[in-house]
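Everything below concerns the one structure shown next.
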Amino acid sequence: MKTFANAREAALEMRPDVPVYCFHPAVLAEDARHFVGAFPGKTAYAVKTNGEPFVLEEIARAGVKAFDVASPAEFAAARAAAPDAELLYMHPVKAQSDIRLALETYGIRTLALDHEDEVAKILRIVRGIDIDPADITLFVRLQTKGSAAYELSKKFGAAPGHAVELLQRISGIGFRPALAFHVGSQIEDPEVYERALASADWVRSRAGVELAALDVGGGFPASYGHDPRRKKPDMPSFDEIMERLRADLVEWGFSDLPLIAEPGRVIVARSVSLIVRVLLKKGKRIYINDGIWASLSDSWTGKITLPARFIPDPARRRRSGDPARIAPFKVCGATCDSVDILSRPFWLPETIDTGDWIEIGHIGAYSLALRTRFNGFYPDTVVRVEKPFHAGEKPEGFASLETMAD
Ligand SMILES: *Cc1c(COP(=O)(O)O)cnc(C)c1O
């Protein structure tokens with residue numbers, strides 16, 4: 001991996017026509033250690049957020065000893081990057097062959113579910129390969145309600161009454177019963193964890209079984225940009241959210257249980273920035289060489305305003321517009337698909353033009369992981385960059401990070 005001092009230097013030296021991911025390992029290590037230090041239990045990184053080997057290896061080196069995995073490819077990636085780490089198979093709906101692979105080949109002993117047929121599936125395989133159910137922890141995924149950029153409870157999770165039955169069934173068979181929830185990704189309401197804990201407490205008291213652990217999932221928000229025309233969202237900082245979660249865990253009587261969290265976004269978002277090139281400027285639109293089918297689908301579906309920094313091409317001699325005027329540019333993606341237009345503009349100097357570059361910050365989560373080969377575009381160039389996005393000069397205008405805009 002080539003190393004540059006910062007993204008601007010990488011852009012000016014490489015003059016890339018393809019998107020370039022700028023990886024900041026020190027930031028990844030810092031954010032991983034910060035989470036591990038703040039959470040009063042086991043940190044299991046959610047591999048789906050960014051499963052690149054260089055990311056998993058850095059996270060393991062930073063002291064994360066467990067990984068939340070959901071598929072055979074994720075078992076293999078996590079095992080290869082961190083051979084001694086524990087794998088938690090937290091997908092509630094699994095193929096039989098994948099359960100067998102997890103138990104038999106990978107030695108996984110922790111799984112999640114939200115339905116009795118999944119219990120039956122797991123039990124059949126456990127009996128078939130002669131494992132003692134008492135060696136296996138089954139997390140019942142509890143449905144939660146709340147506000148997040150991604151609401152995941154619509155798809156998974158047992159309603160509280162159903163979760164009670166599942167815990168009793170699991171315990172009756174001889175498995176170790178445990179409780180999990182996942183409030184969604186990029187939470188927009190700090191109360192969601194407390195509501196989920198209240199619900200977990202209700203389930204625990206009705207079930208009357210001794211829980212082996214509680215898993216509070218992911219959802220911890222990363223910091224992005226904000227639209228100056230809208231009210232700045234009033235969100236507490238990560239440290240404040242975590243402090244409150246710790247207090248709520250005590251208050252609801254969960255602090256003596258083994259605890260697990262499955263952070264994804266909050267650990268990797270800051271560790272990657274992305275250099276994209278303006279292929280064409282057409283009025284207040286810019287056409288770039290990336291888009292919703294490559295690195296930017298999360299910002300599209302999650303309606304996230306990405307922080308962006310202008311990297312002018314020095315080869316362009318003539319520019320029009322006022323360099324001090326920051327304007328919203330509609331961003332059109334690289335493919336021929338007409339839906340490939342970002343849902344939020346980039347805020348950039350009026351003078352931006354064809355051939356210039358843009359460094360997009362905080363793009364480490366759900367970017368490389370969600371790339372497709374649609375239309376033949378597949379960004380795959382990664383460089384190492386010493387100065388991370390947030391430590392660089394203040395990005396232009398209001399596409400800047402909330403903390404920097406202050
Ligand atoms: C995606 C996912 C996570 C990670 O979510 P973030 O919002 O990125 O922290 C954690 N747990 C489960 C079960 C998930 O599906």
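One table, with the values for the structure above:
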| quantity | calculated |
| --- | --- |
| Per-q log10 I(q)/I(0), segment 232-320, q = 0.20 Å⁻¹ (Debye; single scatterer per alpha-carbon; no solvent) | -1.15 |
| Rh (Kirkwood; distinct C-alpha pairs) - the chain, Å | 22.3 |
| Convex hull of Cα atoms in segment 40-262, direction-averaged projection (nm²) | 12.4 |
| Cα→Cβ-extended label distance, 7 Å offset, between A120 and S97, nm | 2.2 |
| Helix 25-38 vs. the chain, principal-axis angle (Cα, 0 to 90°, nearest 10) | 40 |
| Cα-projected label distance for D84 with S255, points at 7 Å along beta-carbon direction, nm | 3.1 |
| Residue-count net charge about A163 - beta-carbon cut-off 10 Å; Lys, Arg +1, Asp, Glu -1 | +1 |
| Relative contact order %, segment 40-262, counting alpha carbon pairs below 8 Å whose residues are six or more apart | 18 |
| Alpha-carbon centroid distance for the pair segment 323-374 / segment 161-181, whole angstrom | 46 |
| Spatial separation of Cα centroids for segment 245-299 and segment 25-39, in angstrom | 15 |
| Computed label-point distance, nm, for sites W202 and R229 using a 7 Å Cα→Cβ extension | 4.1 |
| Cα gyration tensor shape of segment 154-300, rounded if a/c is under 1.5, else prolate or oblate by comparing a/b with b/c | prolate |
| The chain: angle of helix 116-128 to the longest principal axis, Cα-based, in degrees nearest 10 | 70 |
| Relative pair counts by distance (%), Cα atoms of segment 150-230, 10 Å bins | 16, 43, 25, 10, 5, 1 |
| Taking Y89, Y106, Y21, Y45 and counting other C-beta atoms within 10 Å, the order from fewest to most | Y106, Y21, Y89, Y45 |
| Amide H partners (placed H, <5 Å) of Q143, local residues excluded | A158, A159 |
| Net charge of Cβ neighbours under 14 Å - reference D31; Lys, Arg +1; Asp, Glu -1 | +1 |
| Segment K65-D189, length gained on full extension (0.36 nm per residue, minus Cα span) | 41.8 nm |
| At R0 = 41 Å, FRET efficiency that the Cβ-Cβ distance of S343 and R127 yields, to 0.05 | 0.25 |
| C-alpha long axis of helix 238-251 to longest principal axis of the chain, angle in ° | 10 |
| GNM flexibility winner over the chain from A159, A222, A46 (Cα, springs under 10 Å) | A159 |
| Choice from I59, I275, I173 showing the highest fluctuation, given a GNM over the chain with Cα pairs closer than 10 Å | I173 |
| Percentage relative contact order, the chain, counting C-alpha pairs under 8 Å, at least six apart | 21 |
| Of K94/K232; K2/K154; K154/K282; K232/K284; K154/K232, those spanning more than 32 Å from alpha-carbon to alpha-carbon | K94/K232; K2/K154; K154/K282 |
| Environment charge at Q96 (Cβ cut-off 9 Å; Lys +1, Arg +1, Asp -1, Glu -1) | +3 |
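Any read-out appearing in this document is the output of simple, stated calculations on the displayed coordinates, not a laboratory observation. Values in this document were obtained by computation on a predicted structure and should not be read as measured data. Positions of Cβ are backbone-derived with ideal geometry, glycine not excepted, and every protein chain shown enters the neighbour counts.
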